[in-house]
Amino acid sequence: MVEEVQKHSVHTLVFRSLKRTHDMFVADNGKPVPLDEESHKRKMAIKLRNEYGPVLHMPTSKENFKEKGPQNAADSYGHKQYPANQGQDVEYLVTGTHPYPPGPGVALTADTKIQRMPSESAAQSLAVALPSSQARADANRTAPGGNEYRHPGAPDRSQPAAMNSIVMEAGNTKNSALMAKKAPTMPKPQWHPPWKLYRVISGHLGWVRCIAVEPGNQWFVTGSADRTIKIWDLASGKLKLSLTGHISTVRGVIVSTRSPYLFSCGEDKQVKCWDLEYNKVIRHYHGHLSAVYGLDLHPTIDVLVTCSRDSTARIWDVRTKASVHTLSGHTNAVATVRCQAAEPQIITGSHDTTIRLWDLVAGKTRVTLTNHKKSVRAVVLHPRHYTFASGSPDNIKQWKFPDGSFIQNLSGHNAIINTLTVNSDGVLVSGADNGTMHLWDWRTGYNFQRVHAAVQPGSLDSESGIFACAFDQSESRLLTAEADKTIKVYREDDTATEETHPVSWKPEIIKRKRF
């Protein structure tokens with residue numbers, strides 16, 4: 001009986017001792033707290049053995065490396081060395097990574113070959129300074145790659161850091177993660193021949209605000225501030241027909257590919273459908289409360305989309321003249337609208353600096369792009385790629401459908417961009433309010449030509465703006481509608497070669513803004 005009581009007492013004492021030890025090691029938040037300095041040292045020794053064993057057992061040099069005093073030297077890698085204890089002798093220091101030559105083709109020197117082992121105190125300071133293994137793993141998982149190649153606009157890819165160098169300083173321990181970063185480079189752009197002016201067409205009595213080429217590539221149509229719509233022969237540039245009916249500036253024209261109709265809109269709030277067999281208006285689309293700035297036709301269904309200064313875009317049934325949807329959401333004038341058969345089927349750009357991608361069926365916004373800082377006056381869709389571009393005084397930006405993923409900026413056209421157009425060869429043209437026209441390689445964003453045509457005699461220098469531009473159906477001619485009341489026709493220079501007009505491209509030149 002006495003033995004059983006003694007056994008029970010011993011068990012109770014052991015249990016209480018263990019519980020006291022546990023209570024002393026566990027704080028209120030459940031995290032372990034060291035008992036005293038000795039237990040802390042034991043924990044650090046275990047941590048050093050487990051996590052820094054390979055470092056502690058590096059081969060040592062036969063020479064005796066001793067540095068006296070608080071001198072700060074630099075090793076062959078350029079890393080600064082700090083004494084572990086000021087005023088004391090230091091046997092070994094952490095001096096970087098494995099012995100590599102300072103550059104390609106440079107042989108290892110005697111100093112470079114030396115592999116120094118850290119002292120125990122330096123290694124302990126290192127262990128204290130570094131985060132836990134899990135934290136380091138998380139940091140590596142989220143750190144951006146330092147030596148990765150990125151195409152302009154490519155999405156960020158997370159990779160481990162390429163190189164880390166740890167600098168030790170006793171008493172004031174710190175980490176310095178130096179990542180070898182490679183600047184993003186622009187791929188070599190495709191060579192495009194320069195474009196030259198070969199015809200100037202006159203006839204309008206006001207600013208030429210809009211232009212469109214008919215599907216048969218025989219003629220094109222322009223709208224002007226003189227309230228007329230004029231049809232011109234594409235080959236000769238001669239006037240074929242003038243249409244009157246608008247009572248204010250004509251801001252948009254488009255020719256249907258599905259029927260012999262011409263659609264126009266203007267600052268008189270009117271949207272008209274012209275029958276080209278009789279050259280007269282057969283339908284009006286009433287509903288906008290202010291000037292109508294642009295319009296576009298859906299490529300596969302009989303739907304017309306218009307945009308207005310009343311901050312809305314409207315979808316019309318071409319045949320019944322009914323307003324199918326009113327696209328509300330912009331907070332300022334909607335300057336441009338584009339349609340496509342794929343999703344999203346409608347894209348609008350507005351003076352409120354945003355671009356909206358719309359669901360045609362629901363009549364609601366799918367995505368709002370807020371990257372631009374200034375008014376978006378022009379949007380163009382690439383004829384082959386599932387991408388589009390938008391023009392604003394801050395930048396031309398490229399986007400990917402269907403969600404409007406940002407691709408890249410095209411910087412350099414520092415003016416109010418009124419119009420954009422692109423052909424199948426990847427030539428993007430931007431026309432601005434100051435009369436300048438820039439031509440870009442779509443894929444790389446390289447600006448390969450800048451044009452500033454002289455204004456016509458009798459016009460002011462300030463009347464040199466480009467309001468609209470379009471390629472013809474063969475994409476061999478470029479037409480611009482300008483503020484000097486003329487239409488200018490450009491074509492490629494047949495005599496130009498890569499030798500006569502080389503691409504002044506360097507891999508290291510790239511200046512990109514994220515937004």
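The values are calculated or read from the model by the stated rules, or taken from the named source; none is laboratory data. Since the model is a prediction, treat every value here as computed from it, not as a measurement. As a convention, Cβ positions derive from the backbone with ideal geometry for all residues, glycine included, and neighbour counts pool all protein chains shown. Note: areas computed on protein heavy atoms with side chains; ligands, DNA, RNA excluded. Shrake-Rupley method; radii C 1.70, N 1.55, O 1.52, S 1.80 Å.
Please count how many residues of region 363-412 are assigned to a loop (DSSP other than H, G, I, E, B), open to solvent by 50 Å² or more (accessible area, probe 1.4 Å) and over 21 Å from Ala333 (Cα atoms).
Of the residues in region 363-412, the ones assigned to a loop (DSSP other than H, G, I, E, B) are 363, 370-377, 382-386, 392-395, 401-404, 411-412.
In the following step, the residues that additionally are open to solvent by 50 Å² or more (accessible area, probe 1.4 Å) were identified as 370, 373-374, 377, 383-386, 403, 411.
Filter once more, so that each one left must be over 21 Å from Ala333 (Cα atoms): 383-386, 403, 411.
Residues flagged as assigned to a loop (DSSP other than H, G, I, E, B), open to solvent by 50 Å² or more (accessible area, probe 1.4 Å) and over 21 Å from Ala333 (Cα atoms) within region 363-412 amount to 6.
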Residue list for region 256-298, restricted to those being closer than 17 Å to Thr336 by Cα and either open to solvent by 50 Å² or more (accessible area, probe 1.4 Å) or among the aliphatic types (A, V, I, L, M) (or both) = Glu267, Lys269, Val271, Leu289, Ala291, Val292, Leu295, Leu297
note = Scanning region 425-454 residue by residue, the ones that are over 14 Å from Pro383 (Cβ atoms), small (Gly, Ala, Ser), assigned to a loop (DSSP other than H, G, I, E, B) and under 20 Å from the mean Cα position of the chain (by Cα) total 1
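Would you mind stating whether Asp493 is in contact with a Lys or Arg (Cβ under 6 Å, 6 or more places away or on another chain), surrounded by fewer than 19 Cβ atoms within 10 Å (Cβ to Cβ) and of a type in the set (Asp, Glu)? So that I can check it myself, show each step before the final result.
Details: in contact with a Lys or Arg (Cβ under 6 Å, 6 or more places away or on another chain): yes; surrounded by fewer than 19 Cβ atoms within 10 Å (Cβ to Cβ): yes; of a type in the set (Asp, Glu): yes.
Considered against the rule, which asks whether it is in contact with a Lys or Arg (Cβ under 6 Å, 6 or more places away or on another chain), surrounded by fewer than 19 Cβ atoms within 10 Å (Cβ to Cβ) and of a type in the set (Asp, Glu), Asp493 comes out as yes.
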note = Filtering region 460-499 down to residues that are of a type in the set (A, V, I, L, M, F, W, C), touching a residue at least 60 places away in the same chain (Cβ under 8 Å) and assigned to a loop (DSSP other than H, G, I, E, B) yields Ala483, Ala496
remark   = Subset of region 470-489, residues of a type outside the set (D, E, K, R) and open to solvent by 10 Å² or more (accessible area, probe 1.4 Å), comes to Ala470, Phe471, Gln473, Ser474, Ser476
Evaluation of Lys240 against (1) open to solvent by 20 Å² or more (accessible area, probe 1.4 Å); (2) out of contact with any Lys or Arg (no Cβ under 9 Å at 6 or more places or on another chain); (3) not hydroxyl-bearing (Ser, Thr, Tyr) (one fails), failing number = (2)
query = How many residues are surrounded by 19 or more Cβ atoms within 10 Å (Cβ to Cβ) and either without any contact (Cβ under 8 Å) to a residue 12 or more places away in the chain or among the small types (Gly, Ala, Ser) (or both) when one looks only at region 332-361?
reply = 4
note = Of (1) in contact with a strand residue (DSSP E or B) (Cβ under 9 Å, 6 or more places away or on another chain); (2) hydroxyl-bearing (Ser, Thr, Tyr); (3) closer than 27 Å to Pro383 by Cα, Thr331 fails just (3)
task = May I ask you to list pairs of residues, at least six apart or on different chains, whose Cβ atoms are under 9 Å apart, with the first in region 314-331 being in a strand (DSSP E or B) and the second being basic (Lys, Arg)?
result = Ser323/Arg314; Val324/Arg314; His325/Arg314; His325/Lys364; Thr326/Arg314; Leu327/Arg314; Leu327/Arg356; Leu327/Lys364
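Determine whether Tyr446 is hydroxyl-bearing (Ser, Thr, Tyr), touching a strand residue (DSSP E or B) at 6+ places or on another chain (Cβ under 8 Å), surrounded by 15 or more Cβ atoms within 10 Å (Cβ to Cβ) and under 24 Å from Ala225 (Cα atoms). Before the answer, list the steps.
Working: hydroxyl-bearing (Ser, Thr, Tyr): yes; touching a strand residue (DSSP E or B) at 6+ places or on another chain (Cβ under 8 Å): yes; surrounded by 15 or more Cβ atoms within 10 Å (Cβ to Cβ): yes; under 24 Å from Ala225 (Cα atoms): no.
So Tyr446 does not fit the description; no.
Take Gly435 and decide whether it is touching a residue at least 40 places away in the same chain (Cβ under 8 Å), among the small types (Gly, Ala, Ser) and touching a strand residue (DSSP E or B) at 6+ places or on another chain (Cβ under 9 Å).
Numbers: touching a residue at least 40 places away in the same chain (Cβ under 8 Å): yes; among the small types (Gly, Ala, Ser): yes; touching a strand residue (DSSP E or B) at 6+ places or on another chain (Cβ under 9 Å): yes.
For Gly435, the condition - touching a residue at least 40 places away in the same chain (Cβ under 8 Å), among the small types (Gly, Ala, Ser) and touching a strand residue (DSSP E or B) at 6+ places or on another chain (Cβ under 9 Å) - is met.
Within region 421-430, count every residue that is buried (at least 23 other Cβ atoms within 10 Å of the Cβ) and more than 16 Å from Asp472 (Cβ to Cβ).
Qualifying residue count, region 421-430: 2.
Select, from Pro457, Pro502, the only residue that is part of a loop (DSSP other than H, G, I, E, B), open to solvent by 10 Å² or more (accessible area, probe 1.4 Å), free of Cβ contacts under 8 Å to residues at least 24 places away in the same chain and farther than 27 Å from Leu205 by Cα.
Values: Pro457 fails: farther than 27 Å from Leu205 by Cα.
Exactly one of Pro457, Pro502 is part of a loop (DSSP other than H, G, I, E, B), open to solvent by 10 Å² or more (accessible area, probe 1.4 Å), free of Cβ contacts under 8 Å to residues at least 24 places away in the same chain and farther than 27 Å from Leu205 by Cα, namely Pro502.
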query = Can you pull out the residues in region 413-424 that are aliphatic (A, V, I, L, M), farther than 16 Å from Ser350 by Cβ and assigned to a strand (DSSP E or B)?
reply = Val422
